[in-house]
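S.K.: Please see the structure below; I have some questions.
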Amino acid sequence: MSGLDPRETRSADAREADQLAQLKTQLDRDTADQITSLADLAKLPVLRKSELSKAQAANPPFGGIPTKGITRLFQSPGPIYEPGGAGADWWRFASALRAAGIGEGDVVQNTFSYHFTPAGAMFESAAIAVGAQIFGAGPGQTELQVRAAYDLGVTAYAGTPDYLGAILEKADEMGVDLQRITKALVSGGPLFPPVRQAYAERGITCLQCYGTADVGNIAYETVADAPMIVDEGALVEIVTPGTGDPVAPGEIGEVVVTPLNLDYPLVRFATGDLSAVVSGLSACGRTNMRLAGWKGRADQATKIKGMFVRPEQVADLVSRMPTVARARVEVTHDGQRDEMTLKLETKETDSTAFETITREILKLNATIQLVAPGQLPRDGVVIADLR
């Protein structure tokens, strides 16, 4: 376990006490008084990207969220504006770089974008924090990337999973030897097993990490193809899409993150991504929560007969049906028109009692199918578009 941050190997009780203390300092006093454990986060509302975008439009640039020490400004599609601070490793990606073996003596070719969005700055600040040199390449101009990688003695790559392959292929075409590149940390897209294997065959160890422009690093691989370790500076919950209600351990749900960041204190930010908590501890010695990786998108809004049906509506529907534990909308097409089936987990046997409230909330008629408790899949899907 040499080289690990001591926080990464601490006990669950020590982690909870430290993170709880940090959390309470970034909440207003009235809210902090409600929080006596990290589980109490579920009492607070979820902040969705659509809500953040509206708040920023009404109160630019950050929607009234108190900030301090902000030195960088970014814009992501939406638009949503994100701040960045001057502190070392402000977005907390150093843990992911260290897990990939990147540190002093390495030269990192950072191909994440430096334009508008913060990805380039995120990985640059992390590389500097671990003692590496950074070449701020950004994406594109692959032939120049190859020449610079050779001339600068690049040993590590940071960028999307596929672009490293493009650089290596171009190097082969040019007859340039890039065998000094032996490490890679990728994000921003899926790392498919054949791609990872192709890099391994070239002597490159490739690990992936997961983060967003809004909250920074969320989780990172320490062992290839193993569950990701949640970063020590991020509080992660898995909730039923459209709600803020935690799912049962091991179930797929939406990733909600509270970064421990006094400079920009987002609370319960809904990423829109699906994942699940994996039980057990990592073989690498780190003791924090593990995530199963990306399992799809939680924003399952679907247009049916010209009307959008959203996970939030389904959640509202369940909250208004005391005898229903869970609901799932399935959409099909019979060749002429859309068909919507609403499956409800309940002990009830008469579906007519649910028809009026379904039309009221979903604004559409549905075929209602009652299923026994526990029969709907625990896969995070609230609206399944089967057309």
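The values are calculated or read from the model by the stated rules, or taken from the named source; none is laboratory data. Computed from a predicted structure; not experimentally measured. Every residue, glycine as well, gets a Cβ built from its backbone with ideal geometry; the counts of neighbours run over all protein chains shown.
S.K.: Any idea how many residues of the stretch 263-299 are under 15 Å from the mean Cα position of the chain (by Cα) and small (G, A, S)? Write out each step before concluding.
M.R.: Taking the stretch 263-299 as the starting set, the residues that turn out to be under 15 Å from the mean Cα position of the chain (by Cα) are 266-277, 289-299.
Add one more test, that the residue is small (G, A, S), and what stays is 270, 272, 275-276, 292-293, 296, 298.
Here the count works out to 8.
S.K.: Assuming T243 fulfils every condition listed in (1) modelled with pLDDT of 95 or more; (2) assigned to a loop (DSSP other than H, G, I, E, B) apart from one, which condition is it?
M.R.: Evaluating T243 over (1) modelled with pLDDT of 95 or more; (2) assigned to a loop (DSSP other than H, G, I, E, B) leaves (1) as the failure.
S.K.: Sticking with this one: Please find, within the stretch 233-274, the residue that is surrounded by the most Cβ atoms within 10 Å (Cβ to Cβ) out of those that are out of contact with any Pro (no Cβ under 7 Å at 6 or more places or on another chain) and of a type in the set (S, T, Y).
M.R.: T258
S.K.: For residues that are hydrophobic (A, V, I, L, M, F, W, C) and more than 18 Å from the chain's Cα centre (by Cα), scanning just the stretch 100-120, find the one that is nearest to L152 (Cα to Cα). Steps first, answer last, please.
M.R.: From the stretch 100-120, those hydrophobic (A, V, I, L, M, F, W, C) are 100, 102, 107-108, 112, 116, 119; that's our starting set.
Checking the rest, the ones that are also more than 18 Å from the chain's Cα centre (by Cα) come to 100, 102, 107-108, 116.
Values: A100: 20, I102: 16, V107: 8, V108: 10, F116: 26 Å.
Per the criteria, the residue is V107.
S.K.: Filtering the stretch 187-223 down to residues that are under 26 Å from A88 (Cα atoms) and aromatic (F, W, Y), which residue is surrounded by the most Cβ atoms within 10 Å (Cβ to Cβ)? Break it down stepwise before answering.
M.R.: In the first step, residues of the stretch 187-223 are kept if they are under 26 Å from A88 (Cα atoms); the result is 187-189, 205-223.
With aromatic (F, W, Y) added as a condition, the list becomes 210, 220.
On the way: Y210: 22, Y220: 26.
Only one residue tops the list, namely Y220.
S.K.: Restricting attention to the stretch 174-182, does a residue exist that is under 15 Å from T111 (Cβ atoms) and at pLDDT 95 or above? Lay out the reasoning, then the answer.
M.R.: Just the residues of the stretch 174-182 that are under 15 Å from T111 (Cβ atoms), to begin with: 178, 181.
Remaining after also requiring at pLDDT 95 or above: 178, 181.
Looking for residues that are under 15 Å from T111 (Cβ atoms) and at pLDDT 95 or above, one finds at least one in the stretch 174-182, hence yes.
S.K.: Please list, ordered by first then second residue, the pairs with beta carbon atoms under 7 Å, 6 or more apart or interchain, first in the stretch 319-335 and free of Cβ contacts under 8 Å to residues at least 40 places away in the same chain, second surrounded by fewer than 18 Cβ atoms within 10 Å (Cβ to Cβ).
M.R.: Listed by first residue and then by second, the contacts come to M321/I357; T323/K347; T323/E348.
S.K.: Of all residues in the stretch 136-168, which are outside any loop (DSSP other than H, G, I, E, B) and of a type in the set (A, V, I, L, M, F, W, C)? Can you show your working first?
M.R.: Let us first name the residues in the stretch 136-168 that are outside any loop (DSSP other than H, G, I, E, B), namely 136, 142-152, 156-159, 161-168.
Scanning the stretch 136-168 gives L144, V146, A148, A149, L152, A156, A158, L164, A166, I167, L168.
Here is a yes/no grid of residues against (1) surrounded by 13 or more Cβ atoms within 10 Å (Cβ to Cβ); (2) modelled with pLDDT of 90 or more; (3) under 29 Å from the mean Cα position of the chain (by Cα):
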residue	(1), (2), (3)
V331	yes, yes, yes
D338	yes, no, no
K347	no, yes, no
S351	yes, yes, no
T356	no, yes, no
A372	no, yes, no
L376	yes, yes, yes
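S.K.: Which one of these is in contact with a Lys or Arg (Cβ under 9 Å, 6 or more places away or on another chain) and within 24 Å of V215 (Cβ to Cβ): V130, V146?
M.R.: V130
S.K.: Pairs, please: C-beta under 6 Å, at least 6 apart or cross-chain, first residue in the same structural domain as E232 (by TED's automatic domain parsing) and at pLDDT below 95 and in the stretch 9-20, second surrounded by fewer than 16 Cβ atoms within 10 Å (Cβ to Cβ) and not in a helix (DSSP H, G or I)?
M.R.: Every condition considered, no pair remains.
S.K.: Of the residues in the stretch 354-385, how many are within 19 Å of T243 (Cα to Cα) and of a type in the set (V, I, T)?
M.R.: Qualifying residue count for the region: 6.
S.K.: Now for a different question. Filtering the stretch 23-32 down to residues that are surrounded by fewer than 16 Cβ atoms within 10 Å (Cβ to Cβ) and either modelled with pLDDT of 95 or more or outside the structural domain of M289 (by TED's automatic domain parsing) (or both), which residue is farthest from Y264 (Cα to Cα)? Explain how you work it out, then say what you get.
M.R.: We begin by selecting, within the stretch 23-32, every residue surrounded by fewer than 16 Cβ atoms within 10 Å (Cβ to Cβ); these are 24-25, 28-32.
Add one more test, that the residue is either modelled with pLDDT of 95 or more or outside the structural domain of M289 (by TED's automatic domain parsing) (or both), and what stays is 24-25.
Numbers: K24: 14, T25: 12 Å.
Across the stretch 23-32, the extreme among qualifying residues is K24.
S.K.: Next up: Just checking, does the stretch 184-201 include any residue being among the small types (G, A, S), assigned by TED's automatic domain parsing to the domain that holds Q109 and either over 30 Å from G78 (Cβ atoms) or assigned to a helix (DSSP H, G or I) (or both)? Even if it seems obvious, please write down each step before you answer.
M.R.: Here is the first cut: in the stretch 184-201, the residues among the small types (G, A, S) are 184, 187-189, 198, 200.
From what's left, assigned by TED's automatic domain parsing to the domain that holds Q109: 184, 187-189, 198, 200.
So of that shortlist, the ones also either over 30 Å from G78 (Cβ atoms) or assigned to a helix (DSSP H, G or I) (or both) come out as 198, 200.
Yes, some residue in the stretch 184-201 is among the small types (G, A, S), assigned by TED's automatic domain parsing to the domain that holds Q109 and either over 30 Å from G78 (Cβ atoms) or assigned to a helix (DSSP H, G or I) (or both).
S.K.: Within the stretch 97-120, can one find any residue that is in contact (Cβ under 8 Å) with a residue 24 or more places away in the chain, surrounded by 19 or more Cβ atoms within 10 Å (Cβ to Cβ), under 26 Å from L260 (Cβ atoms) and among the charged types (D, E, K, R)?
M.R.: yes
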